[in-house]
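So the structure is just underneath, and the comments pick up after that.
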Amino acid sequence: MRPRSVCVYCGSRTGDDPAYMQAATDTGHAIAAEGWRLVYGAGDVGLMGAVARSAQQAGGETFGVIPQHLVDWEVGKTDLTSYVVTETMHERKKVMFMNCDAVVVLPGGAGSLDELFEVLTWRQLGLHEMPVFLVNTNGYWDPLLALLNHVTGHGFADESLHGYYTAVPDAAAVRDALRIALT
């Protein structure tokens, strides 16, 4: 039986606030320290690289999935416990999702938003019941949370949408939430 696994979606860039890198480092360390396996996009740059290096330094298992066309761009991190190269982005997301028990979303860009909205949509459709956590480092996700309120407020989603994710302020809070969710 595989260990409990946490999929982390996050930026392939570092962003403009050092707190984002710290959140990635702390999250990777927390996942490994709890004995969980990190599942992520297999990049060695930006927040992706930081979360993976931190998990590795803490002795954790790492499962990375990257599409062939991003191997050079995201600098595929080949020293992971498991390194999978897929043909497409769709396949990447499917493999990551099928190999995790919970999803954590750190600050990131369009790719992270794509991944988040896909798992939220799947949850809305009843395709899974996995917990999804937004690590809201220094309020990074506040505009997104306001948008989600706007969507439900204008009747384009049921209020139940807000039950499909949990916003937490930092890596320590996401670790505590994951402890509850993964037991």
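The values are calculated or read from the model by the stated rules, or taken from the named source; none is laboratory data. Predicted model only: the values in this text are computed from it and were never measured. Cβ atoms come from the backbone with ideal geometry, glycine included; neighbour counts cover every protein chain shown.
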Worksheet item: Picking from GLU91, GLU61, which residue would you name as being more than 18 Å from ALA110 (Cα to Cα) and of a type outside the set (Lys, Arg)?
Response: GLU61
Discussion item. Return the residues of segment 59-78 that are without any contact (Cβ under 8 Å) to a residue 40 or more places away in the chain and not in a loop (DSSP other than H, G, I, E, B); say none if nothing qualifies.
Written reply: THR62, GLY64, VAL65, ILE66, PRO67, GLN68, HIS69, LEU70, GLY76
Worksheet entry | Counted residues, segment 1-58 - those being assigned to a helix (DSSP H, G or I) and not aliphatic (A, V, I, L, M) | 14
Item to complete: Considering every residue within segment 16-37, establish whether at least one is over 21 Å from ASP170 (Cβ atoms) and at pLDDT 95 or above.
Response: yes
Worksheet entry | Hits in segment 129-154 - residues which are in contact with a helix residue (DSSP H, G or I) (Cβ under 8 Å, 6 or more places away or on another chain), surrounded by 15 or more Cβ atoms within 10 Å (Cβ to Cβ) and in a loop (DSSP other than H, G, I, E, B) | MET130, PRO131, ASN136, TYR140
Worksheet item: When residues of segment 155-183 are filtered for being part of a loop (DSSP other than H, G, I, E, B) and within 13 Å of VAL104 (Cα to Cα), how many remain?
Response: 4
Worksheet item: Looking at THR62, THR86, which is the one that is over 16 Å from the mean Cα position of the chain (by Cα) and at pLDDT 95 or above?
Response: THR86
Worksheet entry | From the options ALA33, ALA55, residue that is within 22 Å of ASN136 (Cβ to Cβ) and surrounded by fewer than 18 Cβ atoms within 10 Å (Cβ to Cβ) | ALA33
Response to the item:
Per the filter on segment 59-73, residues surrounded by 16 or more Cβ atoms within 10 Å (Cβ to Cβ) and either within 20 Å of GLU34 (Cα to Cα) or of a type in the set (Gly, Ala, Ser) (or both) are GLY60, GLU61, THR62, PHE63, GLY64
Response to the item:
For segment 86-109, the count of residues that are free of Cβ contacts under 8 Å to residues at least 40 places away in the same chain and outside any helix (DSSP H, G or I) equals 3
Response to the item:
In segment 13-27, anything polar (S, T, N, Q) and surrounded by 21 or more Cβ atoms within 10 Å (Cβ to Cβ) is listed as THR27
Practice prompt. State which residue pairs qualify: first residue in contact (Cβ under 8 Å) with a residue 40 or more places away in the chain and farther than 19 Å from ASP176 by Cα and inside segment 14-43, second residue among the charged types (D, E, K, R) and assigned to a loop (DSSP other than H, G, I, E, B) in any location, beta carbons under 6 Å apart, and separation of 6 or more residues or different chains.
Written response: ALA42/LYS77
Discussion item. For segment 118-128, give me each residue that is in a helix (DSSP H, G or I) and farther than 19 Å from VAL174 by Cβ.
Written reply: GLU118, THR121, TRP122, GLN124
